[in-house]
Amino acid sequence: MAERLQKLIAQAGLASRREAERWIEAGKVFLNGQPAKLGDRADLTIDQIQVNGKDLTAAEEKVTILLNKPRGYVSTLKDPEGRRLVTDLVADIPQRLFPVGRLDYNTEGLLLMTNDGELAQQVSHPSHQIEKTYLVKVRGFLTAKMVKRLELGLILEDGKTAPAKATKIRTSGANCWFELTIHEGRNRQVRRMCEDLGLSVVRLKRIRLDFLGLNDVISGCYRRLTTNEIQLLKKIK
């Protein structure tokens, strides 16, 4: 379908529509080999558009997925140690996705991956205080005193943590399971918080990110977020 040139240029992420209009007026945009004019329309499937001497291509489709990350994968695009990457798990998606935040090598669970920079910024920016809930298995027992300390904030080497919520689920032998909800994203934060309490983490799994849960997504698999879910994420304050 034919669209105005300034809209196509903006959709490709090269400039705002107003700036694109100025480029057209300045003679920096060509349509099928001829100088473009304001009001010209084009269809990228059949027309050739050049902007500042370079061919204009269609904007890449925005894709956001919810991955259930297994243990033994790193949440980066490359690893000098040659360990397995989370991108290996989404190799069937043609777009180049990057993880939104990180889960440690030995941490599993909910990880968003996207090529939508606006969404990634919205979700990861600390000012939005998006809640992240983890299922934690530790050696030792979570006491009422520990829960209170988590609620008040712990003093770690990089400063005091924001108030957290902890709910004990069950004990099993010398181990204890509980849910921990935080809204910060410091490096290895949950593990360090547990260490400060004298608890050794045996297993750590992120099970929720705000309103998103793992539901039926099994380990190593993913699902695409719906349009409604993406819109809700972008509206989080």
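Spatial offset of segment 115-130 relative to segment 158-221 amounts to 21 Å, using the alpha carbon center of each.
Modelled spin-label separation between LYS37 and ARG96, with each label point placed 7 Å from Cα along the Cα-to-Cβ direction: 3.9 nm.
The lysines within cross-link reach of LYS69, meaning a Cα-to-Cα straight distance under 30 Å and a gap of 8 or more places when in the same chain, are LYS78, LYS132, LYS137, LYS160, LYS165, LYS168, LYS205, LYS234, LYS235, LYS237.
Straight Cα distances below 26 angstrom link LYS54 to the lysines LYS7, LYS28, LYS37, LYS62, with same-chain residues fewer than 8 positions distant left out. Length available on full extension from ASP79 to LYS54: 0.36 nm per residue minus the Cα-Cα distance, which gives 5.7 nm. Each peptide in 98-108, 25-35 gets a packing score, the mean of other Cβ atoms within 10 Å over its residues, and the list from highest to lowest is 98-108, 25-35.
Each reported figure results from applying straightforward, stated rules to the coordinates on display, with no laboratory input. No experiment lies behind these values; they were computed from the predicted model shown. Note that we place each Cβ from the backbone using ideal geometry, even for glycine, and neighbour counts take in every protein chain shown.
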